[in-house]
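Quick note: the coordinates plus some simple rules give every number you see, no bench work behind them. In this text the structure is predicted, and so the values were computed from the model without any measurement. Positions of Cβ are generated from backbone atoms using ideal geometry, with glycine treated the same way; all protein chains shown enter the neighbour counts.
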Amino acid sequence: MNYAIAYLLDQSVWLLYNKNMEMGPTKKKILLLLLGGVLLGFAYSPYGQRKIYREISKEWEKIDREKFRKNISALHRSKYVTVKQLPDGSYTYVLSAKGKSKALTYQFQTIRIPKQKWDKKWRLVAFDIPEDYKKARDALRRKLRQLGFQELQKSVFILPYECQKEIEFIVEFFGVHKYVRYGVLESIDNSAKLRKSFGI
C-alpha cells in the first residue's frame, strides 16, 4: 500500500482537525469523514476496511443531525461536496476534487511526529529540488523544522524517530517525491552531539 495512504489510515484522519482553522469544526469533521470514505477504497486488507468503517460510523453518530444538514448544505454550495443519485433513488454526498484537496490540507496541517523510544537509528531526509519548485522546497524545509528535524547541512535533515509514512505523505502533498530521498542510518559520526541536541 502507498505510504501516504497508509499514513492517512494509521492516523485516523477523520479525528484530526484543528479548531483554529478558518472552517468550522463540524464542516471540517464532515470533510474528513467523507475523506475516510474515499480511503476505504484504498484499504486493501479486510482489517483496514473494518477499522475505517468502525471509526467513521462512530464519528458520524456524534454529529448533531441539524448541524449536519446546515453544514452539508453549505459545503455543497461551496462545491466541496457533490450530490449523486443512486440507482435506488436515494442520494449520497461525495467529496469533490476541491473537497479532497481541502481535507488533505487539514491533514497536512495537523501532522505531528510523536517522540518515541529511540531505537538507536537516525532518519535522514535529503532533497535536491529544482529552482522551478522553489516554493515547495522552502515549504518542505519549514515543515521538516516544524516536525522537529534538525538540518545537518543544506537540504539534509535528521530525526531520531520513525517517520517514513509522514515524510511520504508530505512529499507527495508537495508533488516533489522524485527529488526527495529518505534513509535510515545505523550510525553517524556526530551521534553524541545529535543525541544531546535531541535530548535522547
Once you've got the Cα coordinates, tell me which of 67/102; 27/178; 67/98; 27/165; 84/134 are over 31 Å apart.
27/178; 84/134
What order do you get for 88, 138 when you list them from fewest to most C-beta neighbours inside 10 Å?
88, 138
I need the calculated FRET efficiency for the pair residue 90 and residue 126, taking r as the beta carbon distance and R₀ as 30 Å, to the nearest 0.05.
0.05
If each of residue 154 and residue 192 carries a label point 7 Å out from its Cα toward its Cβ, how far apart are those two points in nm?
3.0 nm
